[in-house]
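Since every read-out is calculated from the coordinates, none of them should be taken as a lab result. No experiment lies behind these values; they were computed from the predicted model shown. Because the Cβ atoms are built from the backbone with ideal geometry, glycine has one as well, and the counts that use them run over all protein chains shown.
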Amino acid sequence: MYSRVIKFAILLIFLPAVFGGSFGYGLVNYLEIPDVKQLESYKPKSSTRLYADNNNLFAELFVEKRVPIPITEMPNHLKYAFIAIEDVRFYKHFGIDIRSIGRAAFKNIARRGITEGASTITQQLARNLFLTSKKSFKRKIEEAALAIQVERAYSKDEILNMYLNLIYLGEGAHGVEAASYTYFHKKANQLAIEESATLAALTKSPSKLSPFKNPSRAIERRNIVLRKMYDAGFIDKSAYMQAMKTPLTLAPFRAYEKKTGYFIEYVKQNLDEFVENSQDIYTKGLNIKTTVNLKMTEYGYEAIEKGLQSYKTRHPNITALPEVALIAIEVKTGDIKVMIGGRDFTSSPYNRAVQAKRQPGSAFKPIVYLTALEKGLRPDTILRDAPISFTNPYTKAVWQPKNYKNEYFGDVTMRRALELSLNTASVRLLEIVGVENVIDMARRLNINSNFAPNLSLALGTTEIIPLDLASAYATFARNGVYISSVAIRNIATIEGEEIYTEEILKEGVVSPEAAYALVDIMKGVVKKGTARSAASMPYYLAGKTGTTDDFKDAWFVGFSPNLLCLVWIGYDKPVSLGNKESGGTAALPIWIDFMAKALPIYPNDDFAQPAKPASEQQLVDKEQQ
């Protein structure tokens with residue numbers, strides 16, 4: 001053992017002297033040492049980064065979590081922290097450090113084993129890029145030879161830059177920029193001295209020294225790095241003492257990823273059209289500006305948790321809670337601010353906001369009423385609300401739609417029929433306007449469902465994707481203008497080249513007057529109809545509840561002129577939520593809790609009445625004169 005260590009030390013001491021001659025040429029070929037100039041074209045796999053609507057980084061998509069940055073964006077104390085703990089003579093050696101080799105060899109002999117290494121930063125870089133981690137005498141020679149070649153081809157700062165962008169620092173993070181975000185939710189240039197030392201401390205054992213898993217050991221190792229920085233003269237005594245007594249403060253462990261999991265998956269699905277290969281999403285280092293609002297997402301989860309606790313109180317004997325979907329869309333832009341597709345993404349990644357098709361129940365009725373308004377019927381048009389039945393001429397089967405609680409109101413206005421969500425009046429209205437016309441209206445609103453052409457359509461029996469329904473309601477709020485609901489605003493490469501910028505494309509799909517009249521009726525749903533528990537909210541609001549047969553699905557879709565929110569609650573397998581678990585009981589309270597926190601972000605405007613055509617306005621002006 002001793003002879004091998006001594007031989008290795010002697011060989012490395014004299015290697016630089018002989019490396020320039022014919023022996024060196026033969027050695028390089030014998031060992032098949034690669035050309036280090038390959039580094040100039042080497043492009044490591046880089047993380048794609050997702051930014052929220054306030055430009056905060058909230059998630060990364062990666063095979064190797066890495067975001068390469070130039071050394072000029074790294075603070076000096078970050079560079080010196082790694083140098084202090086890994087290779088304090090980095091700027092003084094030529095790739096291998098003879099002094100460190102001699103010291104390590106002496107200690108290994110004294111301790112009767114290889115207990116201390118002497119690899120420089122350059123050797124570590126060469127090993128990570130070109131060699132295996134298998135320990136052998138041959139690999140050590142290759143490592144040393146490569147290190148010398150690297151030093152001859154590149155400057156010290158270029159070598160350090162490559163090393164700090166490639167080194168693995170635990171929790172999936174490769175390089176200092178990715179590690180800075182992982183542990184501190186900061187960019188590398190924002191790190192404090194003690195945070196830089198914490199990252200440098202991870203090189204010895206990223207898993208065992210992870211501050212998430214072993215904070216005490218991480219602090220102990222961090223303090224060793226700080227001491228070495230001080231001893232080497234990289235920081236003064238004041239900075240050293242201050243850093244030593246600073247507590248370890250970490251970012252929440254993967255907090256954003258968990259809460260935005262459904263939204264992230266939706267973004268990934270939308271990215272496929274912008275990359276040649278789906279793997280590029282994880283390796284090309286794209287920077288993506290999304291529409292998500294992190295604070296609103298928190299509000300969404302808080303409201304869901306509170307709503308489910310209330311549900312559990314109403315049903316103390318249940319063994320499994322229902323699922324919930326919540327979508328929030330900024331009305332004027334189509335930006336998806338919140339997308340929650342279930343109670344917990346980690347346990348159930350199935351995104352019910354965009355993947356599930358469910359019957360909307362009475363939440364579909366506004367589309368029937370909108371069709372009627374566009375055809376010239378008025379909010380004060382009288383409808384008959386009374387028992388009704390239909391017999392299939394072929395099967396002789398009888399269908400008898402009924403009102404909730406079997407209550408009937410006789411002759412009612414269209415306005416009152418929608419406010420109270422009267423089934424029989426709505427079926428009669430569908431008969432008047434025509435099933436095919438309502439289906440056409442739904443398709444104009446970009447609802448992509450397979451509509452059955454029968455009168456049960458009035459009661460929302462056709463399954464609809466929640467996001468489609470939310471986007472349709474947002475069209476009501478825009479006076480009939482449809483805007484696609486979007487999650488991605490901008491995509492750029494890691495070099496800053498813009499790949500895609502979303503343009504807001506507006507399409508008038510409904511008469512503005514009809515859409516405004518519908519919204520005015522739907523304001524009454526909140527003020528004095530099935531959603532009147534929201535009437536005390538000090539905002540201009542409109543919306544509609546939805547409940548399906550046997551209480552299998554509960555909905556509320558409501559909006560202000562600026563923000564729309566859809567809430568759906570139900571089980572994945574269509575079973576009853578329980579007696580009287582209607583949209584107003586199960587979904588609306590979640591909506592209220594969310595909107596009460598989210599609406600103050602926006603101005604409290606009323607819905608704008610559509611402008612009259614110029615000729616019509618002139619007639620009005622004349623009459624007033």
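Could you give the size of the charge dipole of the chain about its Cα centre, using +1 on the Cβ of each K and R and -1 on the Cβ of each D and E, expressed in debye and rounded to the nearest 20?
Working: 78 positive and 66 negative charges, 581 e Å.
So the magnitude is around 2780 debye.
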Would you mind checking which residues have amide H under 5 Å from residue 508's amide H? H placed 1.01 Å from N; only 5 or more apart, or other chain. 482
Looking at the range 388-494, which chymotrypsin sites (Phe, Trp or Tyr not before Pro) are DSSP coil and have at most 15 other C-beta atoms within 10 Å of their C-beta? 394
Taking the inverse of the average 1/r across all pairs of different Cα atoms in the chain, what Kirkwood radius in Å do you get? 28.9 Å
From the backbone phi of the range 574-585, what are the Karplus-calculated ³J(HN,Hα) couplings (6.51 cos²θ - 1.76 cosθ + 1.60, θ = phi - 60°) in whole Hz, Gly and Pro given as x? x, 10, 5, 6, x, 4, 6, 7, 7, x, x, 8
Hand me the trypsin sites (Lys or Arg not before Pro) from the range 191-231 located in a DSSP loop with no more than 14 other Cβ atoms within 10 Å, in residue order please. 204, 208, 213
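Go through 156/284; 506/612; 208/237 and tell me which ones have a Cα-Cα distance over 24 Å in this structure.
Numbers: 156/284 27 Å; 506/612 19 Å; 208/237 29 Å.
Over 24 Å Cα-Cα: 156/284; 208/237.
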Residues 65, 337, 45, sorted so that the one with the fewest Cβ neighbours within 10 Å comes first: 45, 65, 337
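Could the peptides 49-55, 548-554, 580-586 be put in order, highest first, of the mean number of other beta-carbon atoms found within 10 Å of their residues?
Numbers: 49-55: 17.7, 548-554: 21.0, 580-586: 23.3.
For the peptides 49-55, 548-554, 580-586, the packing ranking is 580-586, 548-554, 49-55.
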For the range 66-76, take each phi angle, set θ = phi - 60°, evaluate the Karplus expression 6.51 cos²θ - 1.76 cosθ + 1.60, and give the result in whole Hz per residue in order, putting x for glycine and proline. 8, 10, x, 9, x, 5, 5, 9, 9, x, 4
Surface/4 of the Cα convex hull for the range 361-463, nm²: 6.5 nm²
Which lysines have a Cα less than 21 Å from the Cα of residue 402, not counting those fewer than 8 places away in the same chain? 365, 544, 552, 580
Can you order the peptides 167-178, 237-248 by their average number of other Cβ atoms within 10 Å per residue, highest first? 167-178, 237-248
Projected onto the charge dipole of the chain (unit charges on the beta-carbon of Lys, Arg, Asp and Glu, signs +1, +1, -1, -1), the Cα from 367, 168, 561 with the largest positive-side position is that of 168
